[in-house]
Each structure stands twice: as structure tokens, then as C-alpha cells.
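Participant: One structure, pasted below without further comment.
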Amino acid sequence: MPHERRHPDEKIALLHGKDCLASTVIQKCVYWNSKNRCKFCGIELSLQAGATLALKTPRQLAETAKKARETNKIKHLVLTNGAVNPSRRGIAYIADCVRQIKKQVNIPVHVQIEPPEDAAELEEFKDAGLDTIGLHIESFDMDILARIAPAKAAFGLKRYESAWRKAVQLFGPNQVSTFLIAGLGERMESIVDAARFLGQAGVYPFLVPFRPIPGTAMADKTPPDPDAMLFLYEKVSDINQQNGMSSRQSRAGCVRCGACSALAEFEKW
């Protein structure tokens with residue numbers, strides 16, 4: 001294997017929550033310098049600041065995960081990335097990262113990607129040993145999504161549905177998730193209806209409040225009202241209970257970590 005320059009561990013992965021190691025494998029996005037860029041996203045800001053690497057290699061990730069597991073009591077790993085064109089190229093690369101990590105350390109791994117045009121491409125993750133997957137739509141309000149995340153809106157709900165359905169077949173209910181961001185401007189009923197639709201499909205609706213990121217187009221937008229979040233957490237928690245899902249059943253990822261959402265605190269079972 002070619003020699004790889006050594007980098008500080010924090011440029012490869014960071015601690016999230018109390019026991020989750022997370023890394024953005026590909027710290028670039030094809031939409032970043034276009035009108036289709038997600039207005040809430042800051043994926044390339046840390047790269048511009050020199051705080052991370054544009055591309056983490058499978059070897060770097062495997063070695064960092066092994067070290068973190070041995071020294072920091074890490075219990076699961078999250079791999080995210082920016083959008084890649086074509087999507088199958090990104091899937092192949094990240095699946096290789098999963099394989100190399102699994103060879104080095106016995107740890108549950110979660111991956112977050114955009115839904116591929118051909119949902120069958122997700123089978124490569126299953127073959128690589130992936131445990132859970134996130135396919136994030138953010139909002140079911142297509143008018144709002146078109147303004148805030150044009151590329152996601154352009155995919156259309158059917159592409160997400162196809163990916164969710166295939167992912168649940170591969171990884172099982174409660175092991176597939178999608179972010180629902182509260183505070184983008186949609187009606188609360190829209191979020192509750194989306195959670196109900198997802199829950200019935202075996203997809204965990206991971207409800208998170210909008211948090212403005214400095215340097216993004218939505219840096220000045222106000223987070224949602226706390227009372228609204230209380231209402232939504234209770235509603236979505238009830239929906240998850242009705243569908244037999246809970247954060248504790250998730251093997252890896254944001255749902256298990258819970259650092260970005262209080263949803264797990266509302267689980268009564």
C-alpha cells in the first residue's frame with residue numbers, strides 16, 4: 001500500500017456525543033458552488049478553515065477507528081459525505097471504507113448518503129458489512145425543500161421511497177433513518193404526517209431542531225420555538241412506539257448517538 005502522510009486524528013474523525021466516532025469521508029459536495037447547494041449545510045467550511053481533510057482514506061479511517069475504540073471506549077462509528085456524481089462512485093468508495101474498518105475493529109458502522117438513482121446500489125453496503133444507514137430528506141414539504149435544498153427536492157419523494165424501501169429490506173426496520181429538520185418553515189402537521197409515513201415503512205424519523213451554522217445562507221435564521229419542539233418530540237415519539245421502534249434498538253448512527261436530538265428522552269418504552 002502506498003505511503004500515506006500522517007495527520008492528526010481530529011482531522012480524520014471526531015467524537016460525537018458520549019461514545020460515537022464520526023467522520024465526513026468526502027468533505028466536498030458537487031452542489032457546494034451551485035444554486036442547488038443546501039442552504040443549511042456547512043460541509044466545506046471546516047475544510048476551508050483547514051480543520052479537516054478533503055478525502056479520508058479507508059486506511060486512515062480504519063486506523064483511527066481502531067485507536068479510538070481502544071483508547072476512548074467508542075461504541076459505534078458514523079461516516080457521512082458530500083454528494084458525489086455519479087452516486088455509485090461515492091458508494092463504492094465509502095463501502096470500501098466500511099470493509100477496511102470492519103477488518104481492523106469490531107464496531108457497528110453507520111453511513112449517510114443521498115439516495116442513489118438505482119436503489120440496488122445499496123446492496124454494496126450490505127456486502128461490505130454496514131450495520132445502519134441514513135437517507136436524509138430533511139422535509140416532506142416539497143415547496144420548502146425546493147427553496148432550501150433544491151437538489152433533494154429535484155430527486156423527488158419517489159426516489160427516496162425506493163431507497164428507503166430497499167434499505168429496510170437490507171438492514172431491517174429501525175436500522176434505516178432519515179432526518180426531519182423542524183424549523184425550516186413547514187407546518188408541524190407536515191412533520192407529524194411525515195413521521196407517521198416513515199414509521200409505517202420501518203424508517204426511523206430522526207427529528208432534529210434546525211440549528212443555524214455560521215457561514216451558511218441560513219446563519220441568521222432562528223431555531224424553532226421550544227414549545228413547538230416539545231409538541232413534536234411527543235408526537236414523533238408516540239409514532240415510533242406505535243411502530244415498535246426506539247433509539248435503543250438502533251445499532252449505530254445518529255439515532256443511537258442522540259446528541260443532536262432530544263427525541264430519545266421522550267421514549268417511554
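Participant: Label Ala92 and Gln48 with points 7 Å out from Cα along Cα→Cβ: what is the distance between them in nm?
Facilitator: Computed distance between label sites Ala92 and Gln48 equals 3.1 nm.
Participant: With a/c under 1.5 counting as rounded, go ahead and sort the stretch 58-166 into rounded, prolate or oblate using the C-alpha gyration tensor (a ≥ b ≥ c being the square roots of the eigenvalues; past the cut-off, prolate if a/b is larger than b/c, else oblate).
Facilitator: Prolate shape, in that a/c is at least 1.5 and a/b is the bigger ratio.
Participant: Rounded to the nearest 20 Debye, what is the dipole magnitude of the stretch 13-61 about its Cα centre when Lys and Arg each give +1 and Asp and Glu each give -1 at the C-beta?
Facilitator: Details: 7 positive and 2 negative charges, 33 e Å.
Value, rounded to 20: 160 debye.
Participant: Mind jotting down a quarter of the surface of the convex hull over the alpha carbons of the chain, in square nanometres, one decimal? Can you show the working numbers first?
Facilitator: Details: hull surface 54.3 nm².
Taking a quarter of the hull surface, the average projection is 13.6 nm².
Participant: Could you please state how large a percent of the accessible area of the stretch 1-86 is carbon and sulfur, counting protein chains only and using a 1.4 Å probe?
Facilitator: Values: 2540 of 4770 Å².
So the carbon and sulfur contribution to the accessible surface is 53 percent.
Participant: Using the alpha-carbon atoms, what tilt in degrees (0 to 90, nearest 10) does helix 226-242 show relative to the longest principal axis of the chain?
Facilitator: Once rounded, one gets 80 degrees.
Participant: Same structure, new question: For the charge dipole of the chain, defined by +1 on Lys and Arg C-beta atoms and -1 on Asp and Glu C-beta atoms about the Cα centroid, which residue among Ile137, Ile148, Ile74 has the Cα displaced farthest towards the positive pole?
Facilitator: Ile74
Participant: In addition: Where the only charges are on Cβ atoms (+1 Lys, Arg; -1 Asp, Glu), what is the dipole of the chain about its Cα centre, to the nearest 20 debye?
Facilitator: Numbers: 36 positive and 30 negative charges, 181 e Å.
Dipole of the chain, to the nearest 20 debye: 860 debye.
Participant: Give the Rg/Rh ratio for the stretch 80-141, taking Rg as the radius of gyration of the Cα atoms and Rh as the Kirkwood radius, to two decimals. Don't skip to the end; give the middle numbers.
Facilitator: Details: Rg = 11.9 Å, Rh = 12.1 Å.
Using Cα coordinates only, the ratio equals 0.98.
Participant: Tell me, what is the per residue accessible area of the stretch 107-207 in Å², probe radius 1.4 Å?
Facilitator: Working: 3580 Å² over 101 residues.
With all protein chains present, the stretch 107-207 gives 35 Å² per residue.
Participant: So, with +1 on the Cβ of K and R and -1 on the Cβ of D and E, and no other charges, what is the size of the charge dipole of the stretch 111-230 about its Cα centre, to the nearest 20 debye?
Facilitator: Values: 11 positive and 18 negative charges, 23 e Å.
Value, rounded to 20: 100 debye.
Participant: What's the angle, to the nearest 10 degrees (0 to 90), between helix 58-72's Cα axis and the longest principal axis of the chain?
Facilitator: For 58-72 against the chain, the angle is about 80 degrees.
Participant: With a 1.4 Å probe and all protein chains left in place, how much of the accessible area of the stretch 118-269 comes from carbon and sulfur atoms, in whole percent?
Facilitator: Working: 3330 of 6600 Å².
After summing per-atom areas, the C and S share lands at 50 percent.
Participant: Additional query: Taking every alpha carbon pair in the stretch 40-122, what does the distance histogram look like in 10 angstrom bins from 0, in percent?
Facilitator: 16, 43, 35, 6
Participant: I've got another one for you. Restricting attention to the chain, give the cysteines that have no other cysteine Cβ less than 4.7 angstrom from their Cβ.
Facilitator: So far as the 4.7 Å Cβ criterion goes, Cys29, Cys97, Cys254, Cys260 stand without a partner in the chain.
Participant: While we're looking at this one, here's another question. I need the shape label for the stretch 140-185. Rule: rounded when a/c is under 1.5, else prolate if a/b > b/c, else oblate, with a, b, c from the alpha carbon gyration tensor. Can you show the working numbers first?
Facilitator: Working: a/c = 3.69, a/b = 1.79, b/c = 2.06.
It is oblate, given that a/c is not under 1.5 and a/b is not larger than b/c.
Participant: Hey, another quick one. Take the alpha carbon gyration tensor of the stretch 145-269, find the square roots of its eigenvalues, order them as a ≥ b ≥ c, and report rounded if a/c is under 1.5; if not, report prolate when a/b exceeds b/c, else oblate. Intermediate results must be reported in sequence, preceding the final value.
Facilitator: Numbers: a/c = 1.70, a/b = 1.20, b/c = 1.41.
Cα axes put the stretch 145-269 in the oblate bin.
Participant: Further question on the same structure: Going down the table (Lys75/Lys103; Lys39/Lys158; Lys18/Lys126; Lys35/Lys56; Lys18/Lys268), which pairs top 20 Å between alpha carbons? Could you put the intermediate results ahead of the total?
Facilitator: Values: Lys75/Lys103 16 Å; Lys39/Lys158 23 Å; Lys18/Lys126 27 Å; Lys35/Lys56 27 Å; Lys18/Lys268 22 Å.
Over 20 Å apart, Cα to Cα: Lys39/Lys158; Lys18/Lys126; Lys35/Lys56; Lys18/Lys268.
Participant: To continue, here is another question. Per-residue ellipticity at 222 nm for the chain, helices alone: DSSP H runs ≥ 4 residues times -39500 (n - 2.57), over residue total, nearest 500 deg cm²/dmol?
Facilitator: Values: 10 runs with 105 residues, N = 269.
Estimated from H runs of four or more residues: -11500 deg cm²/dmol.
Participant: Determine the gain in length on full extension of the stretch Lys73-Gln241; use 0.36 nm per residue of separation and subtract their C-alpha separation, reporting nm with one decimal. All intermediate terms of the calculation are to be shown ahead of the outcome.
Facilitator: Values: separation 168, 0.36 × 168 = 60.48 nm, distance 2.96 nm.
Using 0.36 nm per residue and subtracting the Cα-Cα distance, I get 57.5 nm.
The values are calculated or read from the model by the stated rules, or taken from the named source; none is laboratory data. It should be emphasised that the depicted structure is a prediction, and the values quoted were computed from it without experimental measurement. Cβ: placed from backbone, ideal geometry, glycine included. Neighbour counts: every protein chain shown. When the accessible area is computed, the model is the full protein with side chains, heavy atoms only, and any ligands, DNA or RNA have been set aside. Shrake-Rupley method; radii C 1.70, N 1.55, O 1.52, S 1.80 Å.
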